[in-house]
Amino acid sequence: MAKVELKNVCKSYEKKVEIVKNIDLEINDKEFIVLVGPSGCGKSTILRMIAGLEEITFGEIFIGDKVVNNIHPKDRDIAMVFQNYALYPHMNVYDNMAFGLKMRKFKKDVIDQRVTEAAEILNLTEYLNRKPRQLSGGQRQRVALGRAIVREPQVFLMDEPLSNLDAKLRVQMRFEIKKLHDRLKTTFIYVTHDQVEAMTMGDRIVVLNNGIIQQSDTPENIYNMPENIFVAGFIGSPAMNFIETEILPDKTIKLEDAVLPADKNLNTIIENNGLTGKKVIVGIRPEYLIQAPEGFKVVPELVEMLGSEKLVHFYLENKKTVAKLSADAEVYAGNEICLSIDVSRILIFDIETGKRFNT
């Protein structure tokens, strides 16, 4: 078991294209941390630098108390699980899981013990004699996990391991990986572009964009108190609504034909940041737009029925907006409805910097 620390880590190609910029990150021993962000944000590059598969342009990486910049990947005491299973098709499950230990000249009884224990943890005991082609996608991914487990590493690195699975298997494997972490009590660093995986699996989420950490926090804080517009818009499905408006002199917020009174918390934010009379961006999550007899009137352009809820698309202050209503809400495209907002859930962002105003 070990903590992992990145100090001022940078990665650039030909000293021109910066992929990762001045990353400072401390990952605690036994923590399950998720690196999330859009394609090209640098999350997989960070994972590969920790693994030793990418050279660091600048900075230091620690695993435990040891700087590993110049240590070969095989000597870093880590195990990596990739997006593709990378199983040997001619070997059965047992041999695929045992292969790394055989290459390191472990004794046969040690190999057998570790493979047997890993197979029991992952419910693979009855499949040990099967070839990869005889397994489902979920079973193959479990074999890839088993191959990592038998090494008993200090740190597990996972690079989008579920992206090749269908939706049902992804849900099942999310549960199994989280359960595996709880059982092994080892440091897990997990990369994904899927915010649902990030929110459901991580003890802490690191949101990246353009090679820069935007926010590192618990899933609850990332969702409820995003540091900026990028984090607020990236985490959450459907995404947060952003509406440009003005804080009126009496500290109310005007939206369409309604004026929203600020609650105590919003009042404090407005006063402490001198926002009265200024233009701001208001952030509203779709679930905090609710049907009410009093509020503002909108005409839905599209209503999507998702079974347990309805997504209602409309324009608010000339901005495309989405509300998440209950499945039994009587809402139809083209028919005017009245909506209200849970004012206590409103977030206010700086129109120039995109940063969230706080108390």
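Since every read-out is calculated from the coordinates, none of them should be taken as a lab result. Source: prediction; values computed, not measured. Quick reminder, even Gly has a Cβ in these numbers, built from the backbone with ideal geometry, and neighbours come from all protein chains shown.
Here is how the numbers come out for the structure above:
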item	result
Alpha carbon centroid spacing (whole Å) that separates segment 268-307 from segment 175-225	28
Other-chain or far-sequence residues with amide H under 5 Å of ASN241's (modelled H)	ILE284, ARG285
For the chain, calculated [θ]222 nm from helices alone, where every DSSP H run of n ≥ 4 adds -39500 (n - 2.57)	-7500 deg cm²/dmol
At most 10 other Cβ within 10 Å, DSSP loop - trypsin sites (Lys or Arg not before Pro), segment 18-65	none
Rounded tilt (10° steps) of 167-184 against the dominant C-alpha axis of the chain	60
Rel. contact order, % - alpha carbon contacts under 8 angstrom, at least six apart, segment 5-136	19
Gaussian network model of the chain, Cα within-10 Å springs - most flexible of GLN291, GLN195, GLN172	GLN172
Spatial separation of Cα centroids for segment 338-359 and segment 1-35, in angstrom	31
Net charge dipole size for the chain [Lys, Arg +1 and Asp, Glu -1 on Cβ; Debye, nearest 20]	1700
Bridge type composition, the chain - antiparallel percent by DSSP, nearest 5	75
Distance between modelled label sites at LYS320 and THR359, nm, 7 Å Cα→Cβ extension	3.6
Full-extension gain in nm, GLU256 to ARG183, via 0.36 nm per residue minus C-alpha separation	21.0 nm
Among ALA79, ALA258, ALA323: highest mean-square fluctuation, GNM of the chain, C-alpha pairs under 10 Å	ALA258
Relative contact order of the chain, defined on C-alpha pairs under 8 angstrom at six or more residues apart (%)	16
Of ASP95, ASP109, ASP29, the one that fluctuates the most in a GNM where the chain has Cα springs shorter than 10 Å	ASP109
